[in-house]
Structure formats: structure tokens, C-alpha cells
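Chemist: What follows is a single structure, and I will ask about it in a moment.
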Amino acid sequence: MAPPFINPADPAPQIDRLPESVIEAAIAWAVKLDYNDNLTPETQQSFDRWLHADPLHALAWQRVHSLKHFKNDYRNIPSRLALDTLQALDTKRQARKLSRRNVIKLLSLGGVTVAAGWITREYTLWQRLLADVSTVVGEQKTLQLADGTLIMLNTDSAISTNFSGDRRLVILRRGEILVSTGPDAEVSTRVGQVRPFWIHTPFGMLQALGTRFVVRLDHDRARVSVQEGRVELHPNAGSVSAIVRAGESRWLTEDSTAPAAIQSFAEDDWASGVISGKNMRLADLVAELSRYRSGYIVCDERVADWRVSGIFHVKDTDQALQFLAQTQPVSVTYRTRFWVTVGPEDGNR
């Protein structure tokens with residue numbers, strides 16, 4: 001997409017006078033518009049509103065798009081290198097090691113080349129930039145769509161939506177969601193039928209058949225757990241689909257599906273802000289709590305297989321860890337705020 005015309009004769013403040021938040025927004029819009037294959041009219045309208053809301057927005061957009069290489073088109077920059085640059089940008093900015101001028105410079109070809117070492121990182125920033133709605137670590141958010149569908153995003157999650165045309169589509173880019181499909185009443189009345197509801201994941205498509213279900217992305221597969229109704233799974237490279245019914249869970253991979261073992265805690269309890277269960281493996285509980293906290297909670301191998309029961313609140317992981325230490329023969333050690341270890345009590349070491 002070509003950038004909008006900016007009159008070079010218009011007065012322009014120096015780049016250092018641009019607010020950091022404006023520069024960040026311009027970078028986000030540049031990536032979202034140039035690399036998003038599912039760009040919707042709503043997204044374009046949102047960009048137009050942002051662009052014309054403040055002269056500084058237009059200036060930031062001009063400055064970001066003036067750093068064009070590879071035939072003057074961002075889209076000719078390899079996507080992987082763009083991802084590396086954004087990841088490096090996010091990490092370095094959080095460490096406050098870059099000035100605003102250097103943030104912009106990092107998007108130049110030189111910055112992309114330097115950032116190539118980030119190739120093995122997770123592309124968290126990239127996924128959030130392309131998403132319509134996202135959550136950070138520890139945050140949960142509920143979204144009501146125009147068709148009446150309710151989607152709850154769990155910690156560190158990101159989705160995009162596209163309800164144009166003859167189907168309803170949600171793209172799960174990261175994390176975990178709980179979906180309660182709506183009746184699509186307005187459109188179904190007008191066209192005489194309900195539009196199919198699809199979830200797109202990196203591993204395949206899911207069609208909701210009037211239902212309530214959870215989808216969670218893992219490294220190389222997605223877990224689908226159905227509470228009501230049915231969900232049909234379609235692997236990307238597989239010709240055989242599978243139906244998941246209420247009370248069932250199933251793994252979806254690139255080329256197949258397989259039954260998923262029942263977990264010791266309810267799949268959708270997180271929507272109520274808790275992890276609850278009986279006879280939970282301690283390492284599994286600690287891993288779940290860690291998802292809601294910046295940094296890591298590590299479970300000592302000596303207590304990993306211990307069994308625990310209870311209700312643990314995910315919105316305050318420190319409180320949950322304190323409760324664990326009070327009710328179980330374990331210790332909770334804070335090496336730093338971002339590194340916590342759950343191990344045996346002092347007398348058991």
C-alpha cells in the first residue's frame with residue numbers, strides 16, 4: 001500500500017520533537033498495513049482516522065515511510081528481517097537504550113541487518129501489531145462482536161477478525177481464547193442463512209457449529225476443548241477433518257488431529273480468573289501460573305510430581321504462590337522479581 005500524500009512544503013518539526021507514542025503508533029501502522037494479508041475496510045478506516053487526527057501523526061507516518069529501501073517499498077524487505085527488527089526494537093526500547101531518533105533509524109536497512117540475530121526469537125510484537133485485539137501477560141479481555149459472539153482473550157493473546165462477505169472469520173495469532181458464538185441474527189435475517197463461523201490457527205481451521213469452546217496455541221499444535229455444541233477441525237495439510245463434541249478435547253496439528261488427555265484443571269476456569277482442580281501435578285500448576293506473570297516460575301524437579309488441589313487466582317500470582325506455600329510443604333524463593341522457584345521446604349532439601 002502506498003503511503004498517503006504529504007505536502008513537503010508543510011512546516012515540520014524536528015524528529016526529536018515527535019512524541020515517542022506517536023512514533024510507536026506510526027511504526028505499528030506501517031507494519032500492519034504493509035504485511036497484513038487480511039486487511040479489512042475497518043482497519044483502513046481506523047488508520048485514516050488516526051492519520052488525520054493530529055498533524056504529528058502525518059509527520060511521523062511520513063518519516064517512517066521515508067526510510068524505504070529495496071525499491072522504495074517496505075514489502076520488498078524480507079518478512080523475517082522485518083520481524084527481527086521489530087523484536088529488537090521492542091526489547092531495546094524497553095531497556096531504554098535507544099533515543100527516539102535511533103528508534104526510527106533501527107527501521108532502516110542497517111538496522112534490519114543488525115537485527116538479524118533475533119531470528120530465533122518469538123515474534124510477540126509482530127503478532128500484536130497485526131492483531132485487532134491483544135492482551136499483555138497477565139491481562140484478560142472480553143470482546144463482543146457485531147454478530148453477538150463473545151470472545152474472551154486470555155493472557156498474552158492476540159486475534160484479528162474479518163466479518164465481511166459470506167463468512168465470519170477470527171484469526172488466532174497468539175495465546176488462548178474462549179469463544180461463545182452468536183446467532184448472527186441481523187445478517188441471517190437479511191440473507192436467509194447464518195454465515196459459518198471459522199477460527200484460523202497456524203495449524204488449520206476450526207468451524208464452530210453453534211458452540212462454546214476454548215482454543216489454545218502451543219508451539220507446534222493447538223488444543224481445542226468444547227464445552228457446548230461441536231467444533232469441526234480441518235488441518236492445513238490433512239484431508240480428514242474431525243468433530244470435537246461437548247466435554248471433549250483434541251489436538252490440531254498441521255497434518256492431523258488426535259485426542260487430548262483430560263487435564264486436571266478445567267479448560268475454561270481461567271475465564272473466571274482462577275486455576276482450579278483436584279490432584280493437579282505441581283509442575284503443571286506452576287507452569288499455568290507462570291503464563292500470567294512476566295518472567296518465570298520454575299518448579300524444582302524434586303517436587304514436580306507432587307499432587308495438589310485448590311483454587312488459585314491468576315490475577316495475583318504472588319498471592320497464589322503464597323497460598324501454595326501455606327498449604328503445601330514447599331518453599332517459594334524469589335531470586336528476582338522475574339525469577340521465582342518453587343521447591344521443597346528447607347527441611348526437605
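The values are calculated or read from the model by the stated rules, or taken from the named source; none is laboratory data. Bear in mind that the values here come from a model prediction, so they are computed numbers and not experimental data. We place every Cβ from the backbone using ideal geometry, glycine too, and count neighbours over all the protein chains shown.
Chemist: Exposed (fewer than 14 other Cβ atoms within 10 Å of the Cβ) and either touching a residue at least 40 places away in the same chain (Cβ under 8 Å) or in contact with a Leu (Cβ under 7 Å, 6 or more places away or on another chain) (or both), is that true of Glu267? So that I can check it myself, show each step before the final result.
Modeler: Working: exposed (fewer than 14 other Cβ atoms within 10 Å of the Cβ): no; either touching a residue at least 40 places away in the same chain (Cβ under 8 Å) or in contact with a Leu (Cβ under 7 Å, 6 or more places away or on another chain) (or both): yes.
In short, no.
Chemist: Take Leu150 and decide whether it is surrounded by fewer than 16 Cβ atoms within 10 Å (Cβ to Cβ), within 28 Å of Ser290 (Cβ to Cβ), modelled with pLDDT of 85 or more and under 22 Å from the mean Cα position of the chain (by Cα). Talk me through it step by step, then tell me what you get.
Modeler: Values: surrounded by fewer than 16 Cβ atoms within 10 Å (Cβ to Cβ): yes; within 28 Å of Ser290 (Cβ to Cβ): yes; modelled with pLDDT of 85 or more: yes; under 22 Å from the mean Cα position of the chain (by Cα): yes.
Criteria met by Leu150.
Chemist: If a residue has to be in a strand (DSSP E or B) and farther than 19 Å from Ile171 by Cα to count, how many in the stretch 232-248 make the cut? So that I can check it myself, show each step before the final result.
Modeler: Here is the first cut: in the stretch 232-248, the ones in a strand (DSSP E or B) are 232-235, 242-245.
Retained after the next criterion (residues that are farther than 19 Å from Ile171 by Cα): 242-245.
The qualifying residues number 4.
Chemist: Another question, then. Would you point out the residue of the stretch 249-263, among those that are surrounded by fewer than 17 Cβ atoms within 10 Å (Cβ to Cβ) and assigned to a loop (DSSP other than H, G, I, E, B), that is nearest to the chain's Cα centre (by Cα)?
Modeler: Of the stretch 249-263, the ones surrounded by fewer than 17 Cβ atoms within 10 Å (Cβ to Cβ) are 254-256, 258-259, 261-263.
Going one step further and asking which of them are assigned to a loop (DSSP other than H, G, I, E, B), we end up with 254-256, 261-263.
Working: Glu254: 19, Asp255: 23, Ser256: 24, Ala261: 25, Ile262: 25, Gln263: 23 Å.
The selected residue is Glu254.
Chemist: A further question on this structure: Among (1) in a strand (DSSP E or B); (2) at negative phi, which single condition is Gly229 missing?
Modeler: Going through (1) in a strand (DSSP E or B); (2) at negative phi one by one, Gly229 breaks only (2).
Chemist: Now for a different question. Quick check on the stretch 285-341: of everything there that is more than 23 Å from Glu139 (Cα to Cα) and of a type in the set (Val, Ile, Thr), which residue is surrounded by the most Cβ atoms within 10 Å (Cβ to Cβ)?
Modeler: Val330
Chemist: What residue, of Leu217, Leu206, Leu178, Leu172, is among the hydrophobic types (A, V, I, L, M, F, W, C), in contact (Cβ under 8 Å) with a residue 60 or more places away in the chain and within 28 Å of Val137 (Cα to Cα)?
Modeler: Values: Leu217 fails: in contact (Cβ under 8 Å) with a residue 60 or more places away in the chain; Leu206 fails: in contact (Cβ under 8 Å) with a residue 60 or more places away in the chain; Leu172 fails: in contact (Cβ under 8 Å) with a residue 60 or more places away in the chain.
Every option except Leu178 fails the conditions.
Chemist: Hey, can you tell me all the residues within the stretch 204-216 that are over 14 Å from Ala242 (Cα atoms) and either buried (at least 23 other Cβ atoms within 10 Å of the Cβ) or at pLDDT 95 or above (or both)? Lay out the reasoning, then the answer.
Modeler: Step one: list which residues in the stretch 204-216 are over 14 Å from Ala242 (Cα atoms), which gives 210-216.
Within the stretch 204-216, Arg212, Phe213, Val214, Val215, Arg216 qualify.
Chemist: Can we say Asp156 is part of a loop (DSSP other than H, G, I, E, B), at pLDDT 90 or above and not assigned by TED's automatic domain parsing to the domain that holds Glu24?
Modeler: Details: part of a loop (DSSP other than H, G, I, E, B): yes; at pLDDT 90 or above: yes; not assigned by TED's automatic domain parsing to the domain that holds Glu24: yes.
So Asp156 passes the test.
Chemist: Does Asp184 satisfy the condition of being out of contact with any helix residue (DSSP H, G or I) (no Cβ under 8 Å at 6 or more places or on another chain), more than 29 Å from Ile275 (Cα to Cα) and either modelled with pLDDT under 95 or of a type outside the set (Ser, Thr, Tyr) (or both)?
Modeler: Values: out of contact with any helix residue (DSSP H, G or I) (no Cβ under 8 Å at 6 or more places or on another chain): yes; more than 29 Å from Ile275 (Cα to Cα): yes; either modelled with pLDDT under 95 or of a type outside the set (Ser, Thr, Tyr) (or both): yes.
It is true that Asp184 is out of contact with any helix residue (DSSP H, G or I) (no Cβ under 8 Å at 6 or more places or on another chain), more than 29 Å from Ile275 (Cα to Cα) and either modelled with pLDDT under 95 or of a type outside the set (Ser, Thr, Tyr) (or both).
Chemist: One residue is enough: does the stretch 24-41 have a residue meeting the conditions assigned to a helix (DSSP H, G or I), at pLDDT below 75 and of a type in the set (S, T, N, Q)? Reasoning before the result, please.
Modeler: Residues of the stretch 24-41 that are assigned to a helix (DSSP H, G or I), as a first pass: 24-35, 41.
Among the residues that remain, those that are also at pLDDT below 75 are: 24, 31, 34-35.
With the extra rule that they be of a type in the set (S, T, N, Q), the set shrinks to none.
No: zero hits.
Chemist: Still on this structure, I have one more. Working carefully through the options Ile171, Ile177, find the one that is in contact with a strand residue (DSSP E or B) (Cβ under 8 Å, 6 or more places away or on another chain) and under 21 Å from Arg245 (Cα atoms).
Modeler: Sole residue among the options that is in contact with a strand residue (DSSP E or B) (Cβ under 8 Å, 6 or more places away or on another chain) and under 21 Å from Arg245 (Cα atoms): Ile177.
Chemist: Kindly indicate the residue of the stretch 289-332 that is of a type in the set (Gly, Ala, Ser) and over 26 Å from Asp156 (Cβ atoms) and also nearest to the chain's Cα centre (by Cα) among those meeting that condition.
Modeler: In the first step, residues of the stretch 289-332 are kept if they are of a type in the set (Gly, Ala, Ser); the result is 290, 294-295, 304, 309-310, 320, 325, 331.
Now restrict to residues that are over 26 Å from Asp156 (Cβ atoms): 309, 331.
Working: Ser309: 29, Ser331: 32 Å.
Taking the candidates together, the pick is Ser309.
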